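Scroll down for the structure; my scribbles are underneath it.
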Amino acid sequence: MSDLFGGGAASDKAKIHCLDNADWTVTAQFNPTSFKYTRATEWTLEQSIGFSHAWQRMAFKTGKIDELDVTLLFDESEDTSDATAADFLPNMAALAPPSMQGALPASMKPTPTEKDALALVGALHNLTMPVNFGSADKPEIRPPAVSFVWGKFEFQGFITSLSNEVLLFDEAGGARRVKSTLKLQGHALGRAESIDDLMDAKYKAEVKTAGGGISAATKGDRKGILADLLK
């Protein structure tokens, strides 16, 4: 899905909020060009309705957890600590594909600095590590709960996969540009009021829900409920 939900102003930055500790929140250096979230439901065959029918009757079984895929870019290829006018000329190393970077003259490669893009990625890495959020007597060991927020879109859950690809190195082998691909599982378009609610799937959805839900409605009520959901 493109940035349909997260257009916003240019100053709006996508964030990976840590729901357990706000100090661990990660702000994207560059907004993603796209993200995709997936919502699935599970259906099963209810019973045979005879060989004269092309399809069998379907029965709803259960809902499934939502999934989010998003890629972020972290770049420390420009060292502006002692910048001069010449430093703002196009960086040929940044324009070259990774396969050609080894063939670039030394004068055109990023020079070693104390900056390292992997240091920025480290904050995301920490959000996948198990922490004891309970006590010594009653441990609650799990990775932190997070919320991906960009514009009006929010996805609450946990990082289930983090893949980092280093795209650009300096002369000393330091990582200067890293592409981080995250996969989250949880609830799209929902806002749990507590961590327990998030884990128990008791969340307040921004998408409107009807009283007892469609499952509790009579056939006569369903048309009105669907109309309310689509408002």
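The values are calculated or read from the model by the stated rules, or taken from the named source; none is laboratory data. Since we're looking at a predicted model, the values are computed, not measured. Using ideal geometry, Cβ is built from the backbone for each residue, glycine included, and neighbour counts are taken over all protein chains shown.
Kindly establish whether residue 62 is at pLDDT 90 or above and under 30 Å from the mean Cα position of the chain (by Cα).
no
Does residue 184 count as surrounded by 21 or more Cβ atoms within 10 Å (Cβ to Cβ) and not in a strand (DSSP E or B)?
Taking the combined requirement at face value, the residue does not satisfy it.
Across the stretch 141-160, which residue is surrounded by the fewest Cβ atoms within 10 Å (Cβ to Cβ) among those that are among the aliphatic types (A, V, I, L, M), within 15 Å of the chain's Cα centre (by Cα) and part of a strand (DSSP E or B)?
Among those residues, the one meeting the criterion is 149.
So that you can scan it fast, the table gives a plain yes or no per residue for (1) closer than 30 Å to residue 78 by Cα; (2) modelled with pLDDT under 95; (3) not aliphatic (A, V, I, L, M):
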site: 111; (1), (2), (3): yes, yes, yes
site: 116; (1), (2), (3): yes, yes, yes
site: 119; (1), (2), (3): yes, yes, no
site: 130; (1), (2), (3): no, yes, yes
site: 136; (1), (2), (3): no, yes, no
site: 139; (1), (2), (3): no, yes, yes
site: 142; (1), (2), (3): no, yes, yes
site: 158; (1), (2), (3): no, no, yes
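Can you name the residue in the stretch 115-140 that is of a type in the set (D, E, K, R) and out of contact with any Asp or Glu (no Cβ under 9 Å at 6 or more places or on another chain) and, of all such residues, is surrounded by the most Cβ atoms within 10 Å (Cβ to Cβ)?
Restricting to residues being of a type in the set (D, E, K, R) and out of contact with any Asp or Glu (no Cβ under 9 Å at 6 or more places or on another chain), the top hit is 140.
Could you list, in sequence order, all residues of the stretch 150-166 that are touching a Phe, Trp or Tyr at 6+ places or on another chain (Cβ under 8 Å) and of a type outside the set (Lys, Arg)?
Matches in the stretch 150-166: 150, 151, 153, 154, 155, 156.
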